[in-house]
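One structure is given here, and the rest of the page talks about it.
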Amino acid sequence: MKCHVCGATMSPLVTDLPFKVSETNIVVLKGLPVIQCDNCSEYLLEDQVMERVEEIFQKIDSAAELEVIRYAA
């Protein structure tokens with residue numbers, strides 16, 4: 001797969017990513033499978049991964065400002 005930003009090759013990778021899910025909530029997902037550009041670090045989430053991420057976001061504690069959650073497929 002080619003990066004839509006710079007045209008370089010993209011490779012599968014497991015990494016930790018932060019997501020700002022509201023004005024006051026940040027969720028860090030650990031062990032998240034992504035496809036990342038080898039050149040510019042742009043990344044993509046596959047559809048099935050994004051569906052699981054959305055499920056995780058619906059279950060977060062809205063009172064917590066920062067939550068760290070391990071992604072589990």
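Test each condition in (1) open to solvent by 70 Å² or more (accessible area, probe 1.4 Å); (2) out of contact with any Phe, Trp or Tyr (no Cβ under 8 Å at 6 or more places or on another chain) for Ile26 and report the one that comes out false. It is condition (2) that Ile26 fails.
Just to be sure before I move on: is Gln48 modelled with pLDDT of 95 or more, surrounded by 13 or more Cβ atoms within 10 Å (Cβ to Cβ) and either of a type outside the set (A, V, I, L, M, F, W, C) or over 11 Å from the mean Cα position of the chain (by Cα) (or both) in the structure I sent? The answer is no for Gln48. The residue list Asp61, Asp16 contains one member that is in contact with a Leu (Cβ under 7 Å, 6 or more places away or on another chain) and free of Cβ contacts under 8 Å to residues at least 60 places away in the same chain, which is Asp16.
Somewhere in the range 58-71, is a residue touching a Gly at 6+ places or on another chain (Cβ under 6 Å), surrounded by 11 or more Cβ atoms within 10 Å (Cβ to Cβ) and not charged (D, E, K, R)? Checked against the condition, which is being touching a Gly at 6+ places or on another chain (Cβ under 6 Å), surrounded by 11 or more Cβ atoms within 10 Å (Cβ to Cβ) and not charged (D, E, K, R), the range 58-71 yields at least one hit. Examine the range 36-50 for a residue that is touching a residue at least 24 places away in the same chain (Cβ under 8 Å), aliphatic (A, V, I, L, M) and under 28 Å from Met1 (Cα atoms), and state whether such a residue exists. Checking the range 36-50: at least one residue is touching a residue at least 24 places away in the same chain (Cβ under 8 Å), aliphatic (A, V, I, L, M) and under 28 Å from Met1 (Cα atoms).
The values are calculated or read from the model by the stated rules, or taken from the named source; none is laboratory data. Model, not experiment: these values are computed from the prediction. Cβ coordinates were reconstructed from backbone atoms using ideal geometry, including for glycine residues, and neighbour counts include every protein chain displayed. Heavy atoms of the whole protein, side chains included, go into the accessibility calculation; ligands, DNA and RNA do not. Shrake-Rupley method; radii C 1.70, N 1.55, O 1.52, S 1.80 Å.
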